[in-house]
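Take a look at the structure below.
Bear in mind that the values in this text are calculations on the coordinates, not laboratory data. These figures come from a predicted structure and were not determined experimentally. In this analysis, Cβ positions are derived from the backbone assuming ideal geometry, glycine residues included, and neighbour counts consider all displayed protein chains.
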């Protein structure tokens, strides 16, 4: 079932190589954007071509480079990696479309740099998705942090500088301070490759007390997951242009964080081992706390993008909470939520950007009565909000359903309450926006002139909104992939 | 020819130094175009043409000779590395005086110092390449003197690494040091004070070393490193107080020479005020070679069991290293001058390596030796980058480095790679040295050292992002600009032209930066080579 192929490398390299034409065509924007597009489509194609093998239960392996004996940079495409790679690479195509509209509409400076680093960041994202062991994951995680810095600070003003400072301080501080020593300690103790496996690479190799510390170090070390108290980089990073916030801070970067946390749970420690030592509860409580508190903070934000950012923090904690319950349905739900939330949240970010592009408004209180002027955008916003809240006819319902089932399965009824309470709060912070847009008269006379944003932007946000709805009716292949991962993670326990 | 590589390695720069200084003698007579003297050098197939460009001829000859000699050294070093990997350690007796008890001069090349030699000759060659545009201006025309000293210093450093004789090591150490003092003293106004300081402290260090060698000779009657080791083993001298004192004296001597905390006082001023070429040669090499000498003394002269067991210094040295790393990182944080800051980072890195070597286990020692190689190149990259930036901006402070990503994209790209390596971002070599050192620290249970390494990485991140931020954002308008679209300033700057340094300055920097990746990507091979020798020495902790 395990096959070898260079495809994972190609998928990674596709966007990295695109940097060359992007820079070469810096004086000819059409060719430059065309090369980004081609790279995005090629990348998606390569990822897609690996899907059948993975769906059949196989994996695709490829060792890139053996750093030291037993310590290697290697790729292994399994069902979970596939799920994430599909989400990231498909949304890159849409985001590229959106970015063209947004960047041109606003006549942003340094667009070449923007597209080049965007491509590098996507390479790193797929590198994380396909990584076969802890070191590979760490390496690409760091590359992603650094390559997104010029994107976050794109405006190069004071606000961008302080946002960029927060961004790197949190991300590098935690990864170097917590994850790196924990990782080296793991290698020291096992002497092995730390390859991810269903049974857990560390399982049985360390004492429960040490394992608890390592778990905490690794989970907090991968702070792109936005777990409190290491979450403030995300609102800070909202100074970035909206395409960046959309793809990176609703999909790629933050999902890389929860992806890593998920891998730590299922691949490094193994569900069975964690059930034995029982430290995952601590993470559950932290995640539950994050879910509730971030939703409350989101309620109080007037800047749309900041509200979305705090909403993202809460939704990321959903995923962490789901996996930390160590129940099969919860684990499936977490993975599904990676995909569902990605489509929902990227729609919301696209809408926020489109509103800004068309009206120059970023505060919610200024967005009264926009529904008649920008009907498509606001309709897409409504769908995105429905998906994130977890209402029927949008994909978010399915993942939330599984997450709640997971809490029941784990007999953690307190956590069930957390999920339900948070959904209520989600509704509270999204639906007033929708209501104000559609059912109140605009107070601002300027809005008479307002039309929909750049056609590229509108097209992109419509596509993701439609996808969010489609995922409700047809959650495959994400659902099959998630179930496969869950099966593999829990197989060692059933086998005992 | 290839068998004599160890000798050629040293003879090439030595010989070239003589020729370079001869080229300088003709200076007073330069007004009349001289009839080409018969002894004009032709080295490396570059025939000397005397009739063209009489004004610049002598500078050019010196430069070319230096390059040629260092190229020969590099080739010799690479040849030796190949030989060692194939056939094991080489013992080369100069003039075939193969006497058992240290009458002849022995050059000894094993896996470790073959690698170190490649590093030294590469760094020296790149620094020489960089010097082309700068020497004339920085030394107010004393080009030939400068290159003579440059070559002697490089020769001394290579000699220290390759020699198999404890007393010769002292001689070569003085050659490198004396020429080094001159290299520093040619710098700016404050350089002479810095050089004087360096002379005093450096001489004290060398004296300590010499005293130690004297004690060794009294007790063993041999100066040959392998001879000493055999005699210590045969006669069971490990318990002898004399030998222990000798070890401590030698150790203190090299600690001073390598600027180990708290004996670093000479270093920051010397490298800040030296001509930039000198700093590019000496900052990467002098400390690193001294660390290699320490490793050599610990492993081959006294033996690991003696070094780690007979004298219970291990914990104390590691503790001092950890304190040194933390303290010098903090001092670096307080610096406003770019070069000064880098100097304190050099001191911090010395702590990395000394600590790693004294962890007394396999990974610590591998990490220390690997870091000698990677840090040599890394420091070169940092100093080259800093020198170029300071040369172009005519600034010495970090705050002056604004808006450079647009003006000097190539320099900044290479410099950024170096900075990332200093922080320890994979896959640059800085990451892997940290990996080994931390792993060694964990295995030895030296938690303070591990914390110090992580702390220093974080401080480096802060230090360098301060620079990156300055260079990336440029001059920010004083008023709050709200959203980015208000930052119209960038649009008008868009037209500002790229203003790079000359190729002869940027190329070495770019090569050094690529070298960091190269070392990082070839970590496994390099470590395998290092382990060849370490395994022979049977260090406790075993190969892993």
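Remarks
- Paired Rg and Dmax values of the range A:1-116, which use every Cα atom, in angstrom: 16.6, 52
- Cβ-based exposure ranking for B:8, A:346, in which fewest neighbours within 10 Å come first: B:8, A:346
- Ranked by how many other beta carbons lie within 10 Å on average, peptides B:270-280, B:226-236 from highest: B:270-280, B:226-236
- Residue B:207-residue A:441 pseudo-label distance in nm [points 7 Å out on the Cα-to-Cβ vector]: 9.6 nm
- Descending semi-axes in whole angstrom, ellipsoid equivalent of the range A:218-298, from the Cα gyration tensor: 26, 15, 8
- Partner shielding of B:66-79 amounts to 0, given as the average count of beta-carbon atoms from other chains within 10 Å of each residue beta-carbon.
- Where only alpha carbons of chain A are counted, the Rg and the Dmax (Å): 21.3, 70
- For the protein assembly as shown: Kirkwood Rh in Å [reciprocal of mean 1/r, alpha carbons]: 30.7 Å
- Angle between chain A longest axis and helix A:208-221 axis [Cα atoms, degrees, rounded to 10]: 20 degrees
- The eigenvalues of the Cα gyration tensor, multiplied by 5 and square-rooted, give the range A:50-198 an equivalent ellipsoid with semi-axes of 31, 22, 11 Å from largest to smallest.
- Here chain B was treated as a single set of alpha-carbon atoms; its pair distances binned every 20 Å from 0 give 22, 55, 20, 2, 0 percent.
- Average partner coverage of A:318-326, which counts Cβ from other chains inside 10 Å: 0
- Legend: translational diffusion of the range B:370-417 by Stokes-Einstein, Rh = Kirkwood radius over C-alpha pairs, 20 °C, 1.002 mPa s; D = 188 µm²/s.
- Seen from a random direction on average, the alpha-carbon convex hull of the range B:312-392 projects onto 5.3 square nanometres.
- Tail weight of P(r) past 18 Å, computed on alpha-carbon pairs of the range A:170-234, percent: 39 percent
- Convex hull (Cα only) mean projected area of the range A:125-196, reported in nm² to one decimal: 4.8 nm²
- The packing ranking, built from the mean of other Cβ atoms within 10 Å per residue, places the peptides B:72-81, A:394-403, B:517-526 in the order A:394-403, B:72-81, B:517-526, highest first.
- Applying 1/(1 + (r/R0)^6) with R0 = 35 Å to the Cβ-Cβ distance of residue B:248 and residue B:96 gives a FRET efficiency near 0.45.
- Taking one quarter of the surface of the convex hull spanned by the alpha-carbon atoms of the range B:178-231 gives a direction-averaged projected area of 4.2 nm².
- Protection-proxy order for peptides B:163-174, A:431-442, each taking the mean of Cβ atoms within 10 Å per residue, highest first: B:163-174, A:431-442
- Counts of other chain beta carbons within 10 angstrom of each beta carbon in peptide B:447-459 average 2.
- Fewest-first ranking of B:403, B:315, A:157, using other Cβ atoms within 10 Å as the exposure measure: B:315, B:403, A:157
- Kirkwood hydrodynamic radius of the range A:294-361, from inverse mean 1/r over distinct Cα pairs, in Å: 13.0 Å
- For the pair residue B:3 and residue A:190, a Förster radius of 41 Å applied to the C-beta separation gives a FRET efficiency near 0.35, rounded to the nearest 0.05.
- In degrees, nearest ten, helix A:280-299 long axis to first principal axis of chain A (Cα): 0 degrees
- Neighbour-count order for B:97, B:358, fewest beta carbons within 10 angstrom listed first: B:97, B:358
- Bins of 5 Å from zero: percent of alpha-carbon pairs in the range A:312-464: 2, 10, 19, 19, 15, 12, 9, 7, 4, 2, 1, 0
- For the range A:341-392, the Cα-based Rg and Dmax, in that order, read 10.8, 32 Å.
- Stretched out straight at 0.36 nm per residue, the stretch from residue A:452 to residue A:293 would grow longer than its current Cα-Cα span by 53.8 nm.
- Length-normalised contact order for the range B:73-156 - Cα pairs under 8 Å, 6+ apart - percent: 27 percent
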